[in-house]
Amino acid sequence: MIALDASALLALLFREKGQEHVAAVIDRSCISAVNVNEVIGRFVRDGKEATEALQLIGALPIEIVPFGMADATLTASLLPATRQLGLSLGDRACLALAISRRIGAITADHPWLELDFPIEITCIR
């Protein structure tokens, strides 16, 4: 199992550079509801309907993981280690999911590679 960052899922959905790395793990991936929000937001920002994004995501074999209080607490606790790299709430939510499940994370964001967390981080670009 691997945790998808929004940037990784967007690469797959928009057929961007690195999409092949995401396609290779999509059948054993999960994503935080926070990151799903980011993906839907990108569609809406680009003038598309939120339902279009939901249909595309729903057709994929991805586990969508709810974001609860324990997730919020762990995500917030990552702020000191990630602040200087400029990681967002969504970035930290993905990392928290990976840490809590003891799985790897996949992203398109290079700054993640500078983190010293007890998980494997893969950058697709």
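Per residue, the chain reaches -14000 deg cm²/dmol at 222 nm when only DSSP H runs of four or more residues are counted, each adding -39500 (n - 2.57).
Note the listed values [x] 1.13; [y] 0.94; [z] 1.02, then indicate which one is Rg/Rh (Cα atoms, Kirkwood Rh) calculated from this particular structure. Among [x] 1.13; [y] 0.94; [z] 1.02, the one calculated here is [y]. Potential lengthening of the chain between Asp46 and Gln84 amounts to 10.8 nm, from the contour at 0.36 nm per residue minus the alpha-carbon distance.
At a Förster radius of 25 Å, what calculated FRET efficiency corresponds to the Cβ-Cβ distance of Met69 and Glu120, to the nearest 0.05? E(calc), rounded to 0.05, equals 0.40. Mind checking the stretch 31-114 for trypsin sites (Lys or Arg not before Pro) that DSSP puts in a loop (not H, G, I, E or B) and that have at most 10 other Cβ atoms within 10 Å? In loop regions of the stretch 31-114 (DSSP not H, G, I, E or B), the sparsely surrounded trypsin sites (Lys or Arg not before Pro) are Arg102.
Using only side-chain charges placed at the Cβ, +1 for Lys and Arg and -1 for Asp and Glu, the dipole size of the chain relative to its Cα centre rounds to 60 debye.
Residues His110, His21, ranked from the fewest to the most other C-beta atoms within 10 Å, line up as His110, His21.
Here, each number is a calculation from the coordinates, and none is a lab measurement. None of these values were measured; they are calculated from a predicted model. Heads up, the Cβs are rebuilt from the backbone with ideal geometry, glycines too, and the neighbour counts pull from every protein chain shown.
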